[in-house]
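> I'd like to ask some things about the structure below.
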Amino acid sequence: MKISEFGGEAAIINLIREKFGTAEQGDLTLGIGDDAALIRSGDKFVVVTTDLLIENTHFRMDLIDPYQLGWKSIAVNLSDIAAMGGTPTYSFVSIGLPDMEVEIIESIFDGMRDVSDTFGSSLAGGDTVASEAGIVINVTQLGSVEADRVACRDGAKPGDAILVTNTIGDSRAGLELLLKFGLEQARRASESCVVHHLQPEPRIAEARAAVSTGKVHAMMDLSDGLASDLQKLCCASGVGARVMAGAVPVSKDTHIAAARLDLDAVRLAVEGGEDYELLLTCSTKSAVAVARAISTTGSSARVIGEIVEGDGVVLAMQNGSEESIGGSWEHF
Ligand SMILES: [Mg+2]
C-alpha cells in the first residue's frame with residue numbers, strides 16, 4: 001500500500017509510534033507528537049527537535065538565496081524550541097551535497113551562522129555527505145526550558161482565549177508570489193512577504209515573554225497554517241475552537257499581495273503555512289497580560305477566537321456564517 005492510500009503523514013507517524021511503544025519513559029517526559037521532545041535534566045528540560053529539508057520538495061534553488069536557505073533551515077527548528085517556551089542552545093547540521101560550487105555552500109552556512117548568532121544558538125556538530133539527489137539538509141536543534149515554564153499543545157481549556165503573534169499569511173502570500181512571478185519579480189511585488197517566506201524570524205523572545213507570565217495553557221508555532229495547526233492543538237487538548245475571521249491579523253502587505261494574486265487575504269492567513277508565529281491559549285482574563293508581555297519584545301499579539309468544548313475548528317465569518325476549517329498540508 002502506498003503512503004497516500006495509507007493515510008498520509010499522520011498515519012506513518014502513528015505506525016512509528018506503535019512500533020516503539022509508549023515513548024515516555026525514564027527522563028523522556030514528552031516524546032512524539034508535540035513541537036519538540038522534552039528530556040528532564042535536573043529542574044529543567046532539554047528540548048529536542050529535528051527537521052529535514054529536501055531540494056525540489058521543500059525548496060527550489062531558483063526561488064531562494066543560498067544564504068536564506070541556510071537561515072531558514074535553522075530558523076524553523078528554533079521556532080519549534082520557541083513553541084515549547086524554550087531558549088535554543090546547540091544545533092547539529094547534517095547536509096547532503098551534490099558536487100556544486102563551494103561559494104554556494106559557504107553562503108548556506110553563513111545564513112546558518114547568522115540566525116544562530118542572532119538567537120543565541122551554536123553549531124555543535126553534524127555530518128557532511130555526497131548526495132546524488134540534490135541538496136538535503138537535516139537540522140537537530142537543542143534547547144532548554146525550566147520545568148515551570150514549559151508550554152505544550154495539550155493544555156487548552158474550554159473558554160480560553162486563542163492568541164497569535166504579529167500577522168499571519170505573509171509567508172503564504174510570499175510563496176504564491178514566488179511561484180507565480182519568480183524570485184526577482186516577486187521581490188519587487190512584495191519584499192516583505194517574500195522575506196517572511198524565505199527568511200522567517202523564530203519568536204524566541206516572544207515565547208519566553210509569554211511563558212514567563214505563568215499564564216499560558218497551550219502553545220505551538222504556526223508551521224502548517226492556522227487552520228491545520230489549531231486543529232492539532234485542539235486534538236492534543238481534546239477541545240474545539242472558534243476563530244473570528246475579522247480578528248485574524250492580516251498585514252497590509254498581504255492584502256496588497258492577495259489583490260495582485262487575485263486571492264483572498266484572510267484565506268491566505270487562515271490556510272497560510274510557514275508563518276512561524278506563535279499560537280497560544282490562556283484564560284480570557286489573562287489574555288491582556290500575556291499580550292502585554294509579548295508586546296515588550298516589539299512583537300504584537302492579539303486574540304483571534306476562543307477554545308470551546310467538543311472538537312473541530314470553526315471560522316466565524318463577518319457576515320454571520322460559519323465554516324468548518326482544519327484542512328492541512330498533506331506531505332504525501
Ligand atoms: Mg512546530
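The values are calculated or read from the model by the stated rules, or taken from the named source; none is laboratory data. Predicted model, so just to flag it, every value in this text is computed and none were measured. All Cβ positions, glycine included, derive from the backbone under ideal geometry; neighbour counts span all protein chains shown.
> Considering only the range 15-57, state which residues are assigned to a helix (DSSP H, G or I) and surrounded by fewer than 14 Cβ atoms within 10 Å (Cβ to Cβ).
Hits for the range 15-57 are 15, 16, 18, 19, 20.
> Something else now. Any idea which residue in the range 5-51 is nearest to residue 137 (Cα to Cα), counting only those that are among the small types (Gly, Ala, Ser) and more than 16 Å from the ligand (Cβ to nearest atom)?
8
> Somewhere in the range 60-67, is a residue without any contact (Cβ under 8 Å) to a residue 12 or more places away in the chain and not assigned by TED's automatic domain parsing to the domain that holds residue 224?
So far as the range 60-67 goes, yes, one or more of its residues are without any contact (Cβ under 8 Å) to a residue 12 or more places away in the chain and not assigned by TED's automatic domain parsing to the domain that holds residue 224.
> Can you name the residue in the range 212-225 that is touching a strand residue (DSSP E or B) at 6+ places or on another chain (Cβ under 7 Å) and not in a strand (DSSP E or B) and is also farthest from residue 85 (Cα to Cα) among such residues?
Residue satisfying both the conditions and the ranking: 222.
> Identify, please: which residue in the range 171-204 is under 15 Å from the mean Cα position of the chain (by Cα) and hydrophobic (A, V, I, L, M, F, W, C) and is, among those, farthest from the ligand (Cβ to nearest atom)?
Selected residue: 198.
> Please list, ordered by residue number, the strands (runs of 3 or more DSSP E) wholly in the range 245-332 having 3 or more residues that are crowded, with 22+ Cβ neighbours inside 10 Å, assigned by TED's automatic domain parsing to the domain that holds residue 179 and under 21 Å from the mean Cα position of the chain (by Cα).
278-282, 301-308
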